[in-house]
Amino acid sequence: MEKKVSSSTGNLKVSNDVIVKIAELAAAEISGVATENGRLMTSKSCAGIASFFSSPVQASVSKEAAVINVSIITEQGFKAVNVASSVQESVKSAVQNMTGIPVSKVNINVVGIMLSK
């Protein structure tokens with residue numbers, strides 16, 4: 001689904017894929033979030049299988065606002081609650097600033113902890 005934003009100069013369409021990518025990049029920048037080659041790690045990639053088929057980020061956009069779901073793995077030594085809160089703020093800010101689409105919710109699902117090697 002695309003979100004259409006109208007202004008006095010014309011229309012802007014933002015694809016769900018763009019919102020997902022912005023959210024993924026914003027989440028990956030947070031200290032304590034496990035990443036691999038700049039991408040969010042998934043529970044499948046922790047098991048040694050790279051997961052390029054399912055994104056750890058999903059977004060749904062209605063006429064009013066976007067709802068974004070992000071699954072993260074936290075790194076050992078970080079408080080999961082603090083990391084999740086930082087991810088929520090970063091994702092909401094990035095999506096709203098880059099697209100102009102209001103974000104009503106950013107749901108974080110902590111799916112694992114990356115232990116030190």
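Numerical summary
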item	result
Odd one out for residue 61, checked against (1) out of contact with any Leu (no Cβ under 9 Å at 6 or more places or on another chain); (2) at pLDDT 95 or above; (3) crowded, with 16+ Cβ neighbours inside 10 Å	(2)
Within segment 88-117, considering residues that are small (Gly, Ala, Ser) and part of a strand (DSSP E or B), the one farthest from the chain's Cα centre (by Cα)	112
Residue check, residue 30 outside any loop (DSSP other than H, G, I, E, B), crowded, with 17+ Cβ neighbours inside 10 Å and modelled with pLDDT of 90 or more	no
In segment 33-47, the residues that are open to solvent by 40 Å² or more (accessible area, probe 1.4 Å), modelled with pLDDT of 70 or more and of a type in the set (Ser, Thr, Tyr)	35
Test result for residue 85, within 15 Å of the chain's Cα centre (by Cα) and more than 23 Å from residue 16 (Cβ to Cβ)	yes
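The values are calculated or read from the model by the stated rules, or taken from the named source; none is laboratory data. Because the structure is predicted, anything quoted here is derived from the model rather than measured. Here the Cβ is made from the backbone with ideal geometry for all residues, glycine too, and neighbour counts use every protein chain on show. Side chains are part of the model used for accessible areas, which takes the heavy atoms of the whole protein and leaves out ligands, DNA and RNA. Shrake-Rupley method; radii C 1.70, N 1.55, O 1.52, S 1.80 Å.
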